[in-house]
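This report concerns only the one structure given below.
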Amino acid sequence: MACTLVIPHLSIQLDKYTLNDDFYVIELANTNVVLGLKWLFPIGRFVMNYQEMEMDSETQMATR
């Protein structure tokens, strides 16, 4: 896959979480955004429920 464009310092809001990173544009059918593992680093620990398609971070779990 060839990268067609680099967008430095792009900011994306995911609910209450803001992701600021460099984004690399590639042609990938039926896909808007692919997030690698790097964006999860600041979140810390999290629990993923694949059946419900939900994710809880350590800070969200502590407030329950």
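Could you check, for region 39-48, whether at least one of its residues is modelled with pLDDT of 80 or more and part of a loop (DSSP other than H, G, I, E, B)? For region 39-48, residues modelled with pLDDT of 80 or more and part of a loop (DSSP other than H, G, I, E, B): present. For region 22-35, the criterion of being in contact with a strand residue (DSSP E or B) (Cβ under 7 Å, 6 or more places away or on another chain), free of Cβ contacts under 8 Å to residues at least 24 places away in the same chain and closer than 20 Å to SER57 by Cβ is met by no residue.
Residues of region 1-51 that are in contact with a helix residue (DSSP H, G or I) (Cβ under 6 Å, 6 or more places away or on another chain) and surrounded by 10 or more Cβ atoms within 10 Å (Cβ to Cβ): LEU19, ARG45.
The values are calculated or read from the model by the stated rules, or taken from the named source; none is laboratory data. This structure is a prediction, so every number in the text was calculated from the model and none was measured. Heads up, the Cβs are rebuilt from the backbone with ideal geometry, glycines too, and the neighbour counts pull from every protein chain shown.
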